[in-house]
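Below is one structure, written out as structure tokens; comments come after it.
The values are calculated or read from the model by the stated rules, or taken from the named source; none is laboratory data. Small disclaimer: the values here were computed from a predicted structure and weren't measured. Positions of Cβ are backbone-derived with ideal geometry, glycine not excepted, and every protein chain shown enters the neighbour counts.
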Amino acid sequence: MLQNQDTMEILSNLTSKFPTFLLTSIPGLESARAWISIPFCCLYAIALSGNTMILFIIITQQSLHEPMYYFLSMLSATDLGLTVSTLSTTLGILWFDAHEISLDNCIVQMFFLHGFTFMESGVLVAMAFDRYVAICDPLRYTTILTNSRIIQMGLLIITRATVLMVPLLLLLKPLYFCRMNALSHSYCYHPDVIQLACSDIRANSICGLIDLTLTTGIDMPCIVLSYILIIHSVLRIASPEEQHKVFSTCVSHMGAVAIFYIPMLSLSLVHRYGHSAPRVVHSVMANVYMLLPPVLNPIIYSVKTKQIRKAVLSMLLTK
């Protein structure tokens with residue numbers, strides 16, 4: 001009896017120190033993995049090629065070396081980071097049935113996944129500020145958004161994401177996992193991971209709430225405020241043609257904001273309040289949250305931004 005207790009204690013310690021998680025593809029469609037992998041591969045290819053093309057065009061086209069396009073290059077870089085951070089585990093499940101992932105690898109993936117998410121939120125705020133200055137104070141646009149100031153904003157966005165992520169992930173190491181560690185998604189998502197812990201997760205939840213408040217809780221009101229000021233300024237313009245022209249410069253950014261925040265908030269609500277929802281809902285929302293912004297942002301900016309569209313067509317026709 002004593003030997004059995006010692007054996008159980010050893011196994012429990014091993015589990016707490018070296019837990020293994022099981023990633024999940026789309027529940028109920030495991031037998032169709034090969035077919036499901038085709039649209040996923042297409043979406044990943046679109047995200048990688050589209051954002052790489054945007055970055056290449058902005059870097060090589062001297063006429064696009066302006067604040068608006070610098071921020072767009074930051075957005076494409078964060079979208080590339082988001083795409084790469086989930087690509088290996090998602091395609092690993094669909095191609096090789098590789099469901100297992102260790103806690104350390106899970107933490108590394110979460111660092112990049114959530115880190116790039118925080119950075120993208122910060123970039124969207126910077127782009128909103130860019131639109132506000134361009135429309136409400138155009139005469140001082142180049143003096144306010146200098147190259148050095150844009151670099152400082154970029155470094156601040158990266159620093160904020162890193163500082164917020166490190167303590168959040170360090171708090172995962174002491175957690176004790178003592179049951180079947182099956183995750184809801186094809187990647188490690190912090191709220192999903194901590195729900196499987198058997199030990200006290202109050203510190204993790206509080207830290208996660210603080211991070212959410214210091215990113216989305218600040219960024220969304222800043223974006224809304226910037227557009228309130230923009231609308232107030234534009235409505236004072238007498239000509240409807242001028243109003244339409246000014247608002248058209250914001251359409252791409254508003255689309256990027258919508259396709260980023262709506263899936264993110266939807267997934268958060270599903271995790272918090274949708275415990276009775278089918279597992280397939282969690283899986284679909286998670287994939288939409290990760291793939292929609294990187295896939296659609298290059299398309300939106302290529303279609304709605306004249307300079308980007310011309311550069312893309314010129315590059316394709318030259319080739």
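Scanning region 92-127 for residues that are aromatic (F, W, Y) and closer than 17 Å to L75 by Cβ yields a count of 3.
Restricting attention to region 102-151, which residues are under 21 Å from the mean Cα position of the chain (by Cα), of a type outside the set (A, V, I, L, M, F, W, C) and farther than 30 Å from L183 by Cα? If the condition is that a residue be under 21 Å from the mean Cα position of the chain (by Cα), of a type outside the set (A, V, I, L, M, F, W, C) and farther than 30 Å from L183 by Cα, then D130 is the only one that fits.
Residue count for region 145-176 under the criterion of being farther than 30 Å from S199 by Cβ and surrounded by 14 or more Cβ atoms within 10 Å (Cβ to Cβ): the result is 6. Counting only residues that are touching a helix residue (DSSP H, G or I) at 6+ places or on another chain (Cβ under 6 Å), farther than 25 Å from F40 by Cβ and either of a type in the set (S, T, N, Q) or not in a helix (DSSP H, G or I) (or both), region 54-104 holds 2 of them. Cβ separations smaller than 7 Å between residues 6+ apart or across chains give the following pairs from region 90-112 residues that are within 27 Å of P167 (Cα to Cα) to residues that are small (G, A, S): T90/S186; Q109/S85; F112/G81; F112/S85. Listed conditions (1) in contact with a strand residue (DSSP E or B) (Cβ under 8 Å, 6 or more places away or on another chain); (2) surrounded by fewer than 19 Cβ atoms within 10 Å (Cβ to Cβ) are all met by F247, apart from (1). Residues in region 294-319 that are modelled with pLDDT of 90 or more and either under 19 Å from L91 (Cβ atoms) or not in a helix (DSSP H, G or I) (or both): P294, V295.
Among the residues of region 215-243, write down those that are among the charged types (D, E, K, R) and under 30 Å from T162 (Cα atoms).
First, the residues of region 215-243 that are among the charged types (D, E, K, R): 219, 236, 241-242.
The answer is D219, and nothing else.
Any residue at all in region 222-239 that is in a loop (DSSP other than H, G, I, E, B) and either touching a Pro at 6+ places or on another chain (Cβ under 9 Å) or modelled with pLDDT of 95 or more (or both)? No; the residues of region 222-239 include none that is in a loop (DSSP other than H, G, I, E, B) and either touching a Pro at 6+ places or on another chain (Cβ under 9 Å) or modelled with pLDDT of 95 or more (or both).
Every listed requirement among (1) polar (S, T, N, Q); (2) touching a residue at least 24 places away in the same chain (Cβ under 8 Å); (3) under 30 Å from Y132 (Cα atoms) is met by T159 save one, (2). For the residues A311, A256, the requirement of being surrounded by 14 or more Cβ atoms within 10 Å (Cβ to Cβ), in contact (Cβ under 8 Å) with a residue 24 or more places away in the chain and farther than 30 Å from L212 by Cβ singles out A311.
As a summary of the residue check, V193 satisfies the conditions (1) under 19 Å from the mean Cα position of the chain (by Cα); (2) touching a residue at least 12 places away in the same chain (Cβ under 8 Å); (3) within 22 Å of D79 (Cβ to Cβ) except for the one numbered (3). When we screen V281, V234, V270 for residues that are surrounded by fewer than 20 Cβ atoms within 10 Å (Cβ to Cβ) and over 30 Å from L29 (Cα atoms), the only hit is V234. Determine whether region 201-214 contains at least one residue that is modelled with pLDDT of 85 or more, more than 18 Å from Y261 (Cα to Cα) and not in a helix (DSSP H, G or I). Yes, some residue in region 201-214 is modelled with pLDDT of 85 or more, more than 18 Å from Y261 (Cα to Cα) and not in a helix (DSSP H, G or I).
Would you call V123 hydrophobic (A, V, I, L, M, F, W, C), free of Cβ contacts under 8 Å to residues at least 60 places away in the same chain and under 24 Å from A311 (Cα atoms)? Spelling it out, V123 is indeed hydrophobic (A, V, I, L, M, F, W, C), free of Cβ contacts under 8 Å to residues at least 60 places away in the same chain and under 24 Å from A311 (Cα atoms). Of all residues in region 130-144, exactly one satisfies the criterion of being acidic (D, E) and exposed (fewer than 14 other Cβ atoms within 10 Å of the Cβ), namely D137. Considering every residue within region 61-68, establish whether at least one is among the hydrophobic types (A, V, I, L, M, F, W, C), in contact (Cβ under 8 Å) with a residue 40 or more places away in the chain and within 22 Å of F129 (Cβ to Cβ). Scanning region 61-68, I find at least one residue that is among the hydrophobic types (A, V, I, L, M, F, W, C), in contact (Cβ under 8 Å) with a residue 40 or more places away in the chain and within 22 Å of F129 (Cβ to Cβ), so the answer is yes. Reported count of residues in region 262-287, each being under 26 Å from V123 (Cα atoms) and touching an Asp or Glu at 6+ places or on another chain (Cβ under 9 Å), is 2.
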